[in-house]
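Asker: Submitted below is the structure of interest, expressed as structure tokens.
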Amino acid sequence: MLSPILNVLKSYRADWLRFDIAAGLSVAAVSLPSAIAYPSIAGLPVEVGLFAAIFSSIGYALVGPSAKLMVGPDTGTCIMLAGILGTLGAAEIADRESLTIVITLVVGIFCLLGRFLRLGFLANFLSRPMLAGFLAGISVSLMIGQVKRFTGITISTEGLFRPLFDLAQHASETHIPTLAFGVSLLVILRLIRRFLPMVPGPLVGVVLAIAVSAAFDLQSYGVAVLGNLPSISFKPSLPQLDMLDSPRSVLNLLGGAIAVMLVGFGSGIITARSFAVKGGKDIDADDELLGFGVANLCSGFFGGFPVTASDSRTAVNYAIGGKTQLVGLISAGTLAISVLFIAQVLAYLPSAALGAVLVSAAIDLFDVGELRTLYKLRRSEFVFAMITILGVVIAGPMQGVFIAIAATLGDLLWSTSHPRLAFLGRIPGTTGLLKLHRFPEARPIPGLTIVVLQSPLVFFNADFVKMRLIKLSDASRSPQRWFVLDAAAVNVLDSTGLRKLEEFREYLATQGITFGIADLNSKARTIVDRSGLTEKIGNHMLFPSAEAAAAAFDALYKASTLDMQRPRAEITEA
């Protein structure tokens, strides 16, 4: 089986080349500012970001399945990387670079392992509110982290409130020329974003900042600049592992790499799916794991940091009309040539300009509209988003991710352990069954109580279900002859759930009520048969559907002679 790029070259059309070249050049133009700015988030030198942007693009272009998707440095993964490096106690630049290479390579290996084990479905566990909250939390952390670049004030504390308190205490030390320059450039970037969305604002901002800095010698006014870059050469980088001298440090590194992989893959898949929908195509999450894995391995092998899909670069490729994965190779080649020829020019770039580029990116990450939508749709999901934001800002990005996952799983367990139950009945003169709480005109079948359970029946909700069924049975005002559980939604039944069904059947028997079950799936029916519960209930009380149960009851009893009476409103739904 040929790799995607070989398949592309095998059937490449000449008329595609002009689109791929135009898209590749445009993607490179958008990539350069972030490649320069993002390394500073993790306290890494500029060249680390350039290596990541160049070699990850090559890696994904070679094996990545999507012709439109572009990979590269990402705000979220960079902030997570910064948190991991801090946890590992990396203070020296050399140590941070070495650990970054190791983390990036491990992320790549985890992605490839995930592809081999077909773990692409794990992206589904990164819920919409969690990702929205994570990106918003990253946004807040990133903006707080730019205080020094905008003001010249060093903030040593972390979190949300302490840095702001420190800033207020040292506000008089603000370097006014630096602040004025940074704010002015930020305003320009936001205006470009608002009124000229197709123009690469970060690139325009960087070029403008370098021009102004060189023309007016901003460094002489005390404005900090990037300074001369070291000589850049493209060669493999082997990390030093001196800092990984204990099992704890290794576990911290592996845990951090897993967090980076999960968040990078989750946000990358969202980007991939979003643009695939625009093109009317589907994506395979497992194939994307392969693409992300090789991209990270290439980045780490040549001294870069972790990468994922980039929405801005992908948007540019999509808008220009790139046709194939060749766009990534052209973009990487353009960046490499640019780095070799403009390294000295970048020395004039003010640090405040990098801060402005990062704050502008952070503003775009904070999606107020998405949070507003979550608030309208489901308040609990909005709460999870807010928990994630606070977790990321206060505890750190890696801890914030795990807090968010724990909160999401906690909500899932709570809702599954307290499932909904509902009465079924009929509209007089019809035979179909309807939920009474949804159709006020429907009435229960006199003498027959049918309750639908809308969840699996397993060990952590079986007691709750049994007690609710007893309560619903006791609350019925009409004399009961049959009580039928509609199990159409019970896709899982374990031994604990089975035992609670038996206990409920015994309870009904003491009340002179016959218990039946409708619409058991094949696996659940096998468990019921093997347990002996089928003999106790009787085959005649196991029905293919709730409608069949109602028909059997009608045939046995003359329902019309019984008292037609609706259960109390408060028990029509549990």
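The values are calculated or read from the model by the stated rules, or taken from the named source; none is laboratory data. Keep in mind that this is a model prediction, so the values were computed, not measured. Neighbour counts run over all protein chains shown; Cβ positions are idealised from the backbone, glycine included.
Asker: Give Ala53, Ala132, Ala136 a once-over and let me know the one that is under 20 Å from Asp364 (Cβ atoms), at pLDDT 85 or above and crowded, with 22+ Cβ neighbours inside 10 Å.
Answerer: From the options Ala53, Ala132, Ala136, the qualifying one is Ala53.
Here is a yes/no grid of residues against (1) hydroxyl-bearing (Ser, Thr, Tyr); (2) within 29 Å of the chain's Cα centre (by Cα); (3) in the same structural domain as Val345 (by TED's automatic domain parsing):
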| residue | (1), (2), (3) |
| --- | --- |
| Val147 | no, yes, yes |
| Pro163 | no, yes, yes |
| Ser172 | yes, no, yes |
| Ser184 | yes, no, yes |
| Val206 | no, no, yes |
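Asker: Does at least one position in segment 356-366 carry a residue that is of a type outside the set (A, V, I, L, M, F, W, C), surrounded by fewer than 21 Cβ atoms within 10 Å (Cβ to Cβ) and either in contact with an Asp or Glu (Cβ under 7 Å, 6 or more places away or on another chain) or within 30 Å of Ser31 (Cα to Cα) (or both)?
Answerer: yes
Asker: Can you find a residue in segment 390-411 that is hydrophobic (A, V, I, L, M, F, W, C) and more than 25 Å from the chain's Cα centre (by Cα)?
Answerer: no
Asker: Given the conditions (1) more than 11 Å from Ala53 (Cα to Cα); (2) at pLDDT below 95, report the number of the one that Phe292 does not fulfil.
Answerer: Answer for Phe292: the failing condition is (2).
Asker: Can you list residue pairs whose Cβ atoms sit under 6 Å apart, with the first residue in segment 361-375 being under 17 Å from Arg128 (Cα atoms) and the second being assigned to a helix (DSSP H, G or I) and of a type in the set (Ser, Thr, Tyr)? Count only pairs 6 or more apart in sequence or on different chains.
Answerer: Listed by first residue and then by second, the contacts come to Leu365/Ser139; Phe366/Ser139.
Asker: So, one more: Which of the residues that make up segment 318-340 are polar (S, T, N, Q) and part of a helix (DSSP H, G or I)?
Answerer: Residues satisfying the conditions are Ser331, Thr334, Ser338.
Asker: Given segment 413-522, what strands (runs of 3 or more DSSP E) lie entirely inside it while holding 3 or more residues that are within 22 Å of Phe553 (Cα to Cα) and in contact (Cβ under 8 Å) with a residue 40 or more places away in the chain?
Answerer: Per the criteria, 421-425, 448-453, 482-486.
Asker: Name the residues in segment 433-448 that are of a type in the set (Gly, Ala, Ser) and at negative phi, would you?
Answerer: Ala442
Asker: In segment 233-248, is there at least one residue being part of a helix (DSSP H, G or I) and either buried (at least 17 other Cβ atoms within 10 Å of the Cβ) or modelled with pLDDT of 80 or more (or both)?
Answerer: yes
Asker: Related question: Criterion first (touching a Pro at 6+ places or on another chain (Cβ under 6 Å), more than 24 Å from Pro440 (Cβ to Cβ) and modelled with pLDDT of 90 or more) does Val465 satisfy it?
Answerer: So Val465 does not fit the description; no.
Asker: Restricting segment 1-36 to residues that are among the hydroxyl-bearing types (Ser, Thr, Tyr) and under 22 Å from Val207 (Cα atoms), which is surrounded by the most Cβ atoms within 10 Å (Cβ to Cβ)?
Answerer: Step by step, filter segment 1-36, then rank; the result is Ser31.
Asker: Please specify each residue of segment 286-317 satisfying the condition of being assigned to a loop (DSSP other than H, G, I, E, B) and of a type outside the set (Phe, Trp, Tyr).
Answerer: If the condition is that a residue be assigned to a loop (DSSP other than H, G, I, E, B) and of a type outside the set (Phe, Trp, Tyr), then Gly303, Gly304, Pro306, Val307, Ser310 are the ones that fit.
Asker: What about Val345, is it surrounded by fewer than 17 Cβ atoms within 10 Å (Cβ to Cβ) and within 18 Å of the chain's Cα centre (by Cα)?
Answerer: For Val345, the condition - surrounded by fewer than 17 Cβ atoms within 10 Å (Cβ to Cβ) and within 18 Å of the chain's Cα centre (by Cα) - is not met.
Asker: Next question. If I ask for residues that are basic (Lys, Arg) and out of contact with any Phe, Trp or Tyr (no Cβ under 9 Å at 6 or more places or on another chain), which ones from segment 200-253 would you list?
Answerer: Within segment 200-253, Arg248 is the sole residue that qualifies.
Asker: Would you be able to tell me the number of residues in segment 438-492 that are of a type in the set (A, V, I, L, M, F, W, C) and farther than 19 Å from Leu412 by Cβ?
Answerer: Selection size over segment 438-492: 18.
Asker: Now for a separate question. Counting only residues that are farther than 25 Å from Thr431 by Cα and either in contact with a Cys (Cβ under 8 Å, 6 or more places away or on another chain) or part of a loop (DSSP other than H, G, I, E, B) (or both), how many does segment 523-557 have?
Answerer: Going through segment 523-557 one residue at a time, the tally reaches 1.
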